[in-house]
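Engineer: Have a look at this one before I ask anything.
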Amino acid sequence: MPRLAAALRALALSAAAAMAVTAAPPVAQAASEPKAPKGFVALHDADPTILQEIRYRTEHNFVGEPIDGYREPMCILTEQAARGLHRAQARLLRRGYSLKVYDCYRPQRAVDHFVDWAKDLDDRAMKDEFYPDVDKSRLFEDGYIAEKSGHSRGSTVDLTIVRLPAEPTRPYEPGEPLVPCYAPKDDRFPDNSIDMGTGYDCFDTLSHTMDPRIRGEQRANRMLLKSTLEKQGFVNLAEEWWHYTFEPEPFPDTYFDFPVSRKSLTSRP
């Protein structure tokens with residue numbers, strides 16, 4: 001009998017253990033990240049000579065911190081836009097210049113990060129450089145921030161021109177004194193770009209490509225960028241001298257959210 005009782009107790013314990021395993025909640029599976037569809041490429045693969053300074057991967061932007069979705073400091077674009085930049089680069093190289101991209105494809109989660117930041121009126125850490133004369137409460141109304149961006153469709157790029165050989169750009173040090181983005185080139189944060197009249201992402205009407213206050217060499221530099229890109233199928237956003245979209249867009253109605261990383265371009269459907 002003792003042996004029988006011991007066997008029954010062992011059986012009962014085994015059954016209880018089995019029930020516990022069965023009743024245990026399933027282990028949560030990590031959600032798989034979305035992938036870029038066919039038709040997207042890394043700009044470096046299309047043209048390794050084009051310089052890249054992906055600002056939203058760093059703290060030197062109007063938010064003041066790396067932006068959601070930028071896993072790597074790289075430019076991803078649709079194949080058509082990348083080929084267009086390659087053709088433009090060939091023309092500029094013959095004149096002793098190079099393109100430099102600041103931002104390319106932008107995931108929707110990055111746009112959401114901008115929107116959340118814009119709603120926090122107390123966060124004005126980067127105001128003195130990027131929007132010195134704009135009240136943060138007006139960023140939506142004035143069109144500087146929106147809930148959707150053409151960048152998320154993959155054919156829009158923010159870029160400038162650099163004279164070769166390219167001078168290195170020193171890294172931004174968080175907390176360093178900020179200078180207005182429309183200050184003279186030698187006074188504002190150093191950028192190896194030729195002088196376009198303002199820095200990149202300057203929330204000011206001086207950033208309008210054809211603003212009449214931009215004259216002389218600065219205007220000529222903007223026109224060099226504009227004419228070079230327009231010949232390759234790009235269209236400028238009039239409010240931002242750095243903003244161009246390749247047309248016709250391959251994905252005119254789709255806002256993607258895959259991360260900016262080499263992994264997003266692998267194992268695609």
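Engineer: Residues 205, 209, 198, 169: which one is of a type in the set (Val, Ile, Thr) and in contact (Cβ under 8 Å) with a residue 60 or more places away in the chain?
Structural biologist: Every option except 169 fails the conditions.
Engineer: Let me spell it out: the conditions are (1) among the hydrophobic types (A, V, I, L, M, F, W, C); (2) under 21 Å from the mean Cα position of the chain (by Cα); (3) buried (at least 18 other Cβ atoms within 10 Å of the Cβ), and residue 214 meets all of them except one. Which number is the exception?
Structural biologist: Every listed condition holds for residue 214 apart from (2).
Residues checked against (1) surrounded by fewer than 16 Cβ atoms within 10 Å (Cβ to Cβ); (2) of a type in the set (Ser, Thr, Tyr); (3) closer than 22 Å to residue 200 by Cα; (4) at pLDDT 95 or above:
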residue: 32; (1), (2), (3), (4): yes, yes, no, no
residue: 52; (1), (2), (3), (4): no, no, yes, yes
residue: 55; (1), (2), (3), (4): no, no, yes, yes
residue: 59; (1), (2), (3), (4): no, no, yes, yes
residue: 64; (1), (2), (3), (4): no, no, yes, yes
residue: 72; (1), (2), (3), (4): yes, no, yes, yes
residue: 88; (1), (2), (3), (4): no, no, yes, yes
residue: 92; (1), (2), (3), (4): no, no, yes, yes
residue: 103; (1), (2), (3), (4): no, no, yes, yes
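Engineer: Another one. Would it be correct to say that residue 142 is in a loop (DSSP other than H, G, I, E, B), surrounded by 12 or more Cβ atoms within 10 Å (Cβ to Cβ) and among the acidic types (Asp, Glu)?
Structural biologist: Judged against the criteria, residue 142 is a match.
Engineer: Right, next: Being in contact (Cβ under 8 Å) with a residue 40 or more places away in the chain, out of contact with any Cys (no Cβ under 8 Å at 6 or more places or on another chain), farther than 20 Å from residue 240 by Cα and of a type outside the set (Ser, Thr, Tyr) is true for just one of 153, 94, 106, 71. Which residue is that?
Structural biologist: Step by step, each of 153, 94, 106, 71 is checked, and only 71 is in contact (Cβ under 8 Å) with a residue 40 or more places away in the chain, out of contact with any Cys (no Cβ under 8 Å at 6 or more places or on another chain), farther than 20 Å from residue 240 by Cα and of a type outside the set (Ser, Thr, Tyr).
Engineer: Residue by residue through the range 54-93, note down the ones that are touching a strand residue (DSSP E or B) at 6+ places or on another chain (Cβ under 8 Å) and among the aromatic types (Phe, Trp, Tyr).
Structural biologist: 56, 70, listed by residue number.
Engineer: Further question on the same structure: Look through the range 109-132, keep the residues that are touching a Cys at 6+ places or on another chain (Cβ under 8 Å) and part of a helix (DSSP H, G or I), and return whichever of them is farthest from residue 158 (Cα to Cα).
Structural biologist: Top of the filtered list is 129.
The values are calculated or read from the model by the stated rules, or taken from the named source; none is laboratory data. This is a predicted model, so every value here is computed, not measured. Backbone-built Cβ (ideal geometry, glycine too); neighbour counts: all protein chains shown.
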